[in-house]
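Reading through the structure tokens given below for one structure.
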Amino acid sequence: MNLIRLFSFSTILNISFYLFGVFPILPEKLKGLPVILIIIISLASFFFGNNGNQKRINYKPLIGLTSLYTILFLSIFYTLSFSFPKNKIETTLSLLLVPFAFVLIGRESINKSSSLNFFKAFIGSTFVLSFYSFLRYYEAGIFIIDDLKVNSFRRTVTEMPFINDHPIYISIYLGLSVIISIPLILNEKISLKLKGIIFIACFINCIHLLLLSSKGVILALLFSLISLFYFKINLFKFKILVITSIISIFILSIFFIPTTERRFREFVKKTTYTELRPDNSSSVRVAIYYCVFSIIRENPIIGYGWGVGIEKLNECYKQKSDYLHNKKYNSHNQYMSYYIDGGLLALFVLVLFIFNQFKKALSKSNHSFFSILLFFSIIMLFENILERQSGLIVFIFLICFYRFKKVINNKTAVIN
């Protein structure tokens, strides 16, 4: 039966956006559900709906938006690895499917209403995530017994029933929620009641982010908020005041919040750079980067091929540390991961992809999009977010969402 005849296309699309909005609280096994739904909707609209006029569809954006997937797939052939890593091909398939769905849906279908619905759902779901986490922390007695030990929060959030996600990706959701919240709070068209609710959610999410203390995410959020307020505030004196306040809050949190202070203290410890300490995440990263650059020097041009790069890393880990070898860490740097797998060409495609998104954001004066891109770009220096569904789905969805939705050229527009 034709779904388009049962419901209006916009209604079904809103359901899909709601599902992406609650992505942060979806169990790991259901992370791919929003992608499946939007593919079904896009195909139904294409073949049966009024929006499916094939002559009006512009397929050109597909070349750029799917390039992150295609370049890794092609690396199998030009590096002559022929490994065909089935698990990676399936995990990263969203990098291909989501852009395809948005191209079929078309720009005109993503309006102000659907945008606001997604924003509210995402902010609401991250608030629920934080509230649920706080309940788990309280039940575990972390606030009292362990005196705010950061590893206790990170371990507890990893073991939470239903959610069971890595603290870094939960931190990414929280950071994105804060970035999305700011334009809504500053928007003159948003009701005061809704602004108050969004502000409370934003505040709670910030507290949770500091408790989890993912250093890369906190640094990425800092620069993203500075960028966002710089663009959003017109009065220069007020702009400087707000940016100074953000930097001051960041510095104070490092010195006075125990969980954050202990994590950032790793940067100034000499042992972080001289020996591998499993209880020091920065020390572990230094050891990982040693192997990353070692294997890049061995094959600096074409790389090793998709799926083979991690095997080369494990070989280096085996020589350097049993701990690294047993953990089988990835490169913890998305740019270097592409370099290892696809060489200079893959690295160039990744950098070009991000550059083009920044260019689109600036051309549309879409400051929220720019700040989100900056957020992801910085996190990629520390994490391989495109190698796990929790990271790559929200990444490619937000890029396609901002690329394809309508833009209202005024400073109070909800969707900007």
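The values are calculated or read from the model by the stated rules, or taken from the named source; none is laboratory data. This one's a predicted model, so the numbers in the text were calculated from it and none came from an experiment. Cβ sites come from the backbone with ideal geometry, for glycine too, and all protein chains shown count toward neighbours. We work out accessible area using only protein heavy atoms, side chains counted, and drop any ligands, DNA or RNA first. Shrake-Rupley method; radii C 1.70, N 1.55, O 1.52, S 1.80 Å.
So which residues in segment 92-121 are among the β-branched types (Val, Ile, Thr) and either surrounded by fewer than 18 Cβ atoms within 10 Å (Cβ to Cβ) or under 14 Å from Ile12 (Cα atoms) (or both), if there are any at all?
Matches in segment 92-121: Ile105, Ile110.
Of the conditions (1) in a loop (DSSP other than H, G, I, E, B); (2) within 25 Å of the chain's Cα centre (by Cα), Leu62 clears all except one; give me its number.
(1)
Would segment 188-206 turn up any residue that is acidic (Asp, Glu), open to solvent by 10 Å² or more (accessible area, probe 1.4 Å), in contact (Cβ under 8 Å) with a residue 60 or more places away in the chain and over 18 Å from Glu383 (Cβ atoms)? Walk me through how you get there before you give the answer.
Of segment 188-206, the ones acidic (Asp, Glu) are 188.
Then drop every residue that is not open to solvent by 10 Å² or more (accessible area, probe 1.4 Å), which leaves 188.
Of the ones still in play, those that are also in contact (Cβ under 8 Å) with a residue 60 or more places away in the chain are 188.
Checking the rest, the ones that are also over 18 Å from Glu383 (Cβ atoms) come to 188.
Taking every residue of segment 188-206 in turn, at least one turns out to be acidic (Asp, Glu), open to solvent by 10 Å² or more (accessible area, probe 1.4 Å), in contact (Cβ under 8 Å) with a residue 60 or more places away in the chain and over 18 Å from Glu383 (Cβ atoms).
Just wondering, is there one or more residues in segment 376-384 that are aliphatic (A, V, I, L, M), surrounded by fewer than 21 Cβ atoms within 10 Å (Cβ to Cβ) and modelled with pLDDT of 95 or more?
Yes: one or more hits.
Name the residue that is farthest from the chain's Cα centre (by Cα), counting only residues in segment 258-281 that are within 20 Å of Phe223 (Cα to Cα) and touching a residue at least 12 places away in the same chain (Cβ under 8 Å).
This residue is Phe267.
Of the conditions (1) modelled with pLDDT under 90; (2) part of a helix (DSSP H, G or I), Cys291 clears all except one; give me its number.
(1)
Scan segment 74-102 for residues that are of a type in the set (A, V, I, L, M, F, W, C) and within 28 Å of Lys405 (Cβ to Cβ) and jot them down.
Hits for segment 74-102 are Leu93, Leu95, Leu96, Leu97, Val98, Phe100, Ala101, Phe102.
Identify, please: which residue in segment 112-152 is part of a helix (DSSP H, G or I) and in contact with a Pro (Cβ under 9 Å, 6 or more places away or on another chain) and is, among those, modelled with the lowest pLDDT?
Result: Val150.
How many residues are farther than 19 Å from Asn333 by Cα and part of a loop (DSSP other than H, G, I, E, B) if we restrict to segment 159-187?
8
Hey, can you tell me all the residues within segment 287-310 that are open to solvent by less than 50 Å² (accessible area, probe 1.4 Å), β-branched (Val, Ile, Thr) and more than 25 Å from the chain's Cα centre (by Cα)?
If the condition is that a residue be open to solvent by less than 50 Å² (accessible area, probe 1.4 Å), β-branched (Val, Ile, Thr) and more than 25 Å from the chain's Cα centre (by Cα), then Ile295, Ile296 are the ones that fit.
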